[in-house]
Amino acid sequence: MKTWRILPILLLCLVLAGTAACGGKQPEAEWQPIEVVRGDLTVSVSGSGNIGVSHEASLAFGSGGKVDKVYVKEADKVSKGDVLAKLDTGALELALAQAKMTLAQAEVAREDAEYNLNQLKDVLHASYDRVRIAEAQLNAAQAQLEAAEQAVAQAQKQLDEATITAPFDGLVAGIYVKEGDIIPSPTMATKVVVYLIDPTRMELSAEVDEIDIAGVKLGQRAVISVDALPDKQLEGVVTLVSSVPTIEAGLVQYKVKIGFDVPQGLDLKVGMSATADIIIQQRSNVLLVPVRAIERDSQGKPMVWVSINQQIEPRSIITGISDGVQTEILSGLGDGETVVVKKRASAEAPGGFLFGQ
């Protein structure tokens, strides 16, 4: 009898031990509730590159000669119209004076030829040949006058181009001559004399990956972070999107230029490394849920698990844009509702619903 009574007890203990062991391997799923709230959402792509200038000028003399004066030095700030450098203009001034003298003589000759023709036309019986000769003389005088006018204009142009003036307010970034240097005629070679930049307007020339470039458009806003100035962020606008890629080691990238104004007092230098976040899309005051809360039903449509009266139910939704962390909800959820996300992996969802089914 004792043996018969002990056997059921042992069997019951074995059953309970097995159940406990199975329960240890299959812990109850834990769920994290997340309230559906409204907020702002921004989708951006990034690109990195170096800072350059967007407004620059390589200034040269328009005529040849000896450098007489250089009025500025590197790093000088100049205003539009300031004289930067000048050639010795003695020979050019003489050439202009001679051209003007020739022009004055041509004007007198033309006036005389015109007077003679008019006199012949007033004579009643003037011969046809004499009139034709006078007309030819007038035409020749007119041609000489036009040639003289062109010579004066050319001499004046050469004299004007012997002086370099600033075409805009800027900073002298380079000087490549000194007083006494001989500048060759522009027909032989063009020598840059002064390199001028506008330090208040710069641009970032960045490389954007081929996966992201399709969303980048002219005029889009960008936020620029300069490596050397980690506490500063600059606002820029996309000014160029290249259609031709650069390919290195199989990596396909496209050049994007982003123009921006430089805040006064910011020590930003050409060549500094920087990264830009280009704003592709933005939404304000939209319903948001975490990306990790969104799954797919058996038709591949997005859905979430919703907590209602302490019960967890599936809900189909329509999504909008996503930044990879948060997703916009267009329909299917409302303000204040609660979605749940599993903290631990589990084969089956509450209520018998299988994820991905």
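Here is how the numbers come out for the structure above:
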read-out: Matching option when the condition is out of contact with any Asp or Glu (no Cβ under 8 Å at 6 or more places or on another chain), part of a helix (DSSP H, G or I) and either at pLDDT 90 or above or loosely packed, with under 15 Cβ neighbours inside 10 Å (or both), among 145, 159, 103, 96; value: 96
read-out: Among residues of the stretch 192-222, those that are crowded, with 18+ Cβ neighbours inside 10 Å, within 22 Å of residue 55 (Cβ to Cβ) and of a type in the set (Val, Ile, Thr), counted; value: 3
read-out: Candidate set: the stretch 162-186, residues that are surrounded by fewer than 16 Cβ atoms within 10 Å (Cβ to Cβ) and in contact with a Lys or Arg (Cβ under 6 Å, 6 or more places away or on another chain); chosen: the one farthest from residue 60 (Cα to Cα); value: 168
read-out: Residue in the stretch 333-353 that is modelled with pLDDT of 90 or more and part of a helix (DSSP H, G or I) present; value: no
read-out: Count of the stretch 76-105 residues which are farther than 24 Å from residue 149 by Cα and either of a type in the set (S, T, N, Q) or without any contact (Cβ under 8 Å) to a residue 12 or more places away in the chain (or both); value: 1
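The values are calculated or read from the model by the stated rules, or taken from the named source; none is laboratory data. A quick note: this is a predicted structure, and the numbers were derived from the prediction, not measured. Here Cβ is always computed from backbone atoms with ideal geometry, including for glycine, and neighbour counts include all displayed protein chains.
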